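The structure appears below as structure tokens.
The values are calculated or read from the model by the stated rules, or taken from the named source; none is laboratory data. Since we're looking at a predicted model, the values are computed, not measured. Heads up, the Cβs are rebuilt from the backbone with ideal geometry, glycines too, and the neighbour counts pull from every protein chain shown.
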Amino acid sequence: MTGCHPDGMLVLRLQGGEIEALGELYELYKNRIFRAALAITRDRQGAEDVLQEAFLRLFTHVDQIRTDVPVGPWLYRVTVNLSCTWLQKRRRRFPLLDSILDQLAAPLHLSPERLVERGEVYEAVQRAIANLPLSHRIVVVLFYLEGLNLSEIAEVVEIPEGTVKSRLYYARESLKELMAGRKPLSEVLYEFT
């Protein structure tokens, strides 16, 4: 079929009743969708719930999915919306537990001093991003953690590209203020990804 994206071929198969195509789409996108949901919700279980719900929505709305473009932007849009809804419904109960578990799971080849420093930077970045307004946090997550470009973010969040640029600018300014006295922002964001 001409004009059909490789994701579109999987969507067509799923529309035709081949449930295996959903599994293939899941394998293609699960890590990216989970990572985006985790960065927005800051809750592993919440991110897993969002991931499952995003693919459930893909399955239930498969007839509305375009086959000439990648499925990724549609999944990101659903993920952002579901993550925002999740945040509205729940408050974090144990904010430090995730970071402690992450530190325990850190690579063993790093020195204890480096592990502590890395953990502190990671926590500081998480806190700084969490303190951003939700609209800014979403564009930071999609741009820095997911590697989407400005036009892709604009499509996912359904806002003009100029608004994405503006939100990224103000988010970076806020992060600079929040991270004052620490490593340069570019180095911190690189380590965070």
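So is G46 closer than 18 Å to V157 by Cβ and at pLDDT 80 or above or not?
It is false that G46 is closer than 18 Å to V157 by Cβ and at pLDDT 80 or above.
Among all residue pairs at least 6 apart or on different chains, which show Cβ distances below 8 Å where the first residue, located in region 160-180, is farther than 16 Å from V141 by Cβ and in a helix (DSSP H, G or I) and the second is at pLDDT below 90 and aliphatic (A, V, I, L, M)?
Short answer, once both residue conditions are applied: K176/L185.
Return a yes/no flag: does region 68-75 have any residue that is at negative phi and without any contact (Cβ under 8 Å) to a residue 40 or more places away in the chain.
Yes, because at least one residue in region 68-75 is at negative phi and without any contact (Cβ under 8 Å) to a residue 40 or more places away in the chain.
Those residues that are surrounded by fewer than 20 Cβ atoms within 10 Å (Cβ to Cβ), hydroxyl-bearing (S, T, Y) and in a helix (DSSP H, G or I), I need them from region 46-84; list them, please.
Result: T60, single match.
Looking at R114, R93, R127 in this structure, which one is outside any helix (DSSP H, G or I) and modelled with pLDDT under 85?
It is R93.
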